[in-house]
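> The structure follows.
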Amino acid sequence: MADKAAALKYDQETGGAPKVVASGKGELARRIIEKANEFNVPVFANEQLVNSLVDLKIDHEIPSELYQAVVEVFIWLMKNEKKIKDN
C-alpha cells in the first residue's frame, strides 16, 4: 500500500487547473485510496507526482510546473476509461 496519496479534481465547466481535494501520508493515504476504490475512482500510481502534490494546500489549483505530469495522468485515464468503467 502507498505511504502517500493525493486526490485531484478537474471541473471542465469552471475551467482552471486541477485542484488537490485530498492528500495525506501513512494511514490517511491508505484511507484516501480505500475511499477511491470504494467509489470506483481510478487510482494511478506516480510516486514523483504524489510527492509534489501531497504537501499542497487542499482546494488550491496545482502549480503550473505540475501541469505536464497531471496531463499524463488524465491521458492515461481517458485511454483506460472503458476498462475502468467495466470494473
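Bear in mind that the values in this text are calculations on the coordinates, not laboratory data. What you see is a predicted model; the values in this text were computed from it and never measured. Methodologically, a virtual Cβ is constructed for each residue, glycine included, from the backbone with ideal geometry; neighbour enumeration extends over all protein chains shown.
> Using a basic spin-label model with each label point 7 Å from the Cα along Cα→Cβ, how many nm lie between K79 and Y10?
Distance between the two pseudo-spin positions: 1.4 nm.
> While we're here: Would you mind ranking K19, K25 by Cβ crowding within 10 Å, fewest neighbours first?
Listed from fewest to most nearby Cβ atoms, that is K25, K19.
> Assigning unit charges at the beta carbon (Lys, Arg +1; Asp, Glu -1) and nothing else, what dipole magnitude in debye, to the nearest 20, does the chain show about its Cα centre?
220
> Okay, next question. List every residue whose amide H lies under 5 Å from the amide H of F44, counting only residues 5 or more places away in sequence or on a different chain, with H placed 1.01 Å from N in the peptide plane.
Amide H to amide H, under 5 Å and 5 or more residues apart or across chains, F44 pairs with nothing.
> Just order 37-44, 55-62 by mean Cβ neighbour count inside 10 Å, highest at the front, would you? Each step should come with its number before you reach the end.
Working: 37-44: 11.0, 55-62: 12.9.
Going by the mean number of other Cβ atoms within 10 Å, highest first, we get 55-62, 37-44.
> Please give the FRET efficiency for V41 paired with S64, using the beta carbon to beta carbon distance and R0 = 22 Å, rounded to the nearest 0.05.
0.30
> Which of V50, V71 has the fewest other C-beta atoms within 10 Å, and how do the rest follow up to the most?
In increasing order of surrounding Cβ atoms, one gets V71, V50.
> What percent does the relative contact order of segment 4-86 come to when contacts are Cα pairs within less than 8 Å and at least six residues apart?
Worked out over segment 4-86, it gives 32 percent.
> Right, here's the next one. If I take all pairs of Cα atoms in the chain, what percentage of them are more than 16 Å from each other?
53
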